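One structure is given here, and the rest of the page talks about it.
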Amino acid sequence: SQQGEEDPQALSIQEGENATMNCSYKTSINNLQWYRQNSGRGLVHLILIRSNEREKHSGRLRVTLDTSKKSSSLLITASRAADTASYFCAPLPNTGGFKTIFGAGTRLFVKA
Amino acid sequence: EPEVTQTPSHQVTQMGQEVILRCVPISNHLYFYWYRQILGQKVEFLVSFYNNEISEKSEIFDDQFSVERPDGSNFTLKIRSTKLEDSAMYFCASRATLGETQYFGPGTRLLVL
């Protein structure tokens, strides 16, 4: 199993600012996904980055991956109130590891 | 965008009753999962299913739980005799292969009284 640990635990910013969340993990991975969860709702897939990729973009989202440091970051640019949610990283190990072990996530609050 | 669907969205049951939660994974996917999230807590892995058998399960997934893929499209989670502490949001997920995106359904909110 492989758990991603998100940092910070909570982040509060003004609308229009950028938000950066970090993820650390322990073993080598096949890929890493980022998810968003609005309160009481399902997990929405944001981006999957593979172990041979260093950076990936999707709209206002930018994900980086540093396999030497076993870390990833999620940057949300020009944040909106609707980005308020919890964000989770989900590393998929190279061996075995059919499952995802979720950490506590980063709770992002974007003030209008 | 393909999606995983789950029914019902909400279920209320009495302690000791059996419940079946249903999921329709994305059609060409091969790996299926159930997770749960107790209110205010982390999302927890329950079980993974591949090639018509359980590939991994957590300590939570005891003899009261079972999974089935009865007809090649549905994927069900059965709780035989529900307890109060089974109250949670239950999420189904699927992926095509291990290297691909894991997609989650919207969840079933189970309340055991």
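What number goes with the only condition from (1) more than 23 Å from A:GLN33 (Cα to Cα); (2) among the aliphatic types (A, V, I, L, M); (3) within 11 Å of chain A (Cβ to nearest Cβ) that B:VAL67 does not pass?
Condition not satisfied by B:VAL67: (3).
Enumerate the strands (runs of 3 or more DSSP E) found wholly within the range A:1-108, keeping only those where 2 or more residues are in contact (Cβ under 8 Å) with a residue 12 or more places away in the chain and more than 14 Å from every other protein chain (Cβ to nearest Cβ).
Numbers: elements: A:5-7, A:10-14, A:19-24, A:29-37, A:43-50, A:55-58, A:61-66, A:71-76, A:85-93.
Per the criteria, A:10-14, A:19-24, A:61-66, A:71-76.
With the structure loaded, tell me whether B:ARG80 is open to solvent by 50 Å² or more (accessible area, probe 1.4 Å), away from every other protein chain (no Cβ under 14 Å) and either in contact (Cβ under 8 Å) with a residue 12 or more places away in the chain or in contact with a Pro (Cβ under 8 Å, 6 or more places away or on another chain) (or both) or whether it fails that test. Can you show your working first?
Numbers: open to solvent by 50 Å² or more (accessible area, probe 1.4 Å): yes; away from every other protein chain (no Cβ under 14 Å): yes; either in contact (Cβ under 8 Å) with a residue 12 or more places away in the chain or in contact with a Pro (Cβ under 8 Å, 6 or more places away or on another chain) (or both): yes.
Yes.
Taking the condition polar (S, T, N, Q) and under 13 Å from the mean Cα position of the chain (by Cα), does A:THR77 pass?
On the way: polar (S, T, N, Q): yes; under 13 Å from the mean Cα position of the chain (by Cα): no.
No.
Taking the stated definitions as given, is B:ILE54 farther than 26 Å from A:VAL44 by Cβ and among the hydrophobic types (A, V, I, L, M, F, W, C)? It would help to see each step written out before you state the result.
Working: farther than 26 Å from A:VAL44 by Cβ: yes; among the hydrophobic types (A, V, I, L, M, F, W, C): yes.
Here the answer is yes, as B:ILE54 does meet what is asked.
Within the range B:36-54, can one find any residue that is more than 14 Å from chain A (Cβ to nearest Cβ), of a type outside the set (Ser, Thr, Tyr) and crowded, with 21+ Cβ neighbours inside 10 Å?
Taking the range B:36-54 first, the residues more than 14 Å from chain A (Cβ to nearest Cβ) are B:52.
Within this subset, residues satisfying the condition of being of a type outside the set (Ser, Thr, Tyr) are B:52.
Filter once more, so that each one left must be crowded, with 21+ Cβ neighbours inside 10 Å: none.
No, that holds for no residue.
Among B:LYS42, B:LYS57, which is of a type in the set (D, E, K, R) and touching a strand residue (DSSP E or B) at 6+ places or on another chain (Cβ under 6 Å)? Please lay out each step first, then the result.
Details: B:LYS42 fails: touching a strand residue (DSSP E or B) at 6+ places or on another chain (Cβ under 6 Å).
Going through B:LYS42, B:LYS57 in turn, just one is of a type in the set (D, E, K, R) and touching a strand residue (DSSP E or B) at 6+ places or on another chain (Cβ under 6 Å): B:LYS57.
Against the definition (surrounded by fewer than 20 Cβ atoms within 10 Å (Cβ to Cβ), away from every other protein chain (no Cβ under 14 Å), touching a residue at least 12 places away in the same chain (Cβ under 8 Å) and of a type in the set (Lys, Arg)), how does B:ARG109 come out, yes or no?
The answer is no for B:ARG109.
The values are calculated or read from the model by the stated rules, or taken from the named source; none is laboratory data. Since the model is a prediction, treat every value here as computed from it, not as a measurement. A quick note on method: Cβ atoms are made from the backbone with ideal geometry, for glycine too, and the neighbour counts reach across all protein chains shown. Side chains are part of the model used for accessible areas, which takes the heavy atoms of the whole protein and leaves out ligands, DNA and RNA. Shrake-Rupley method; radii C 1.70, N 1.55, O 1.52, S 1.80 Å.
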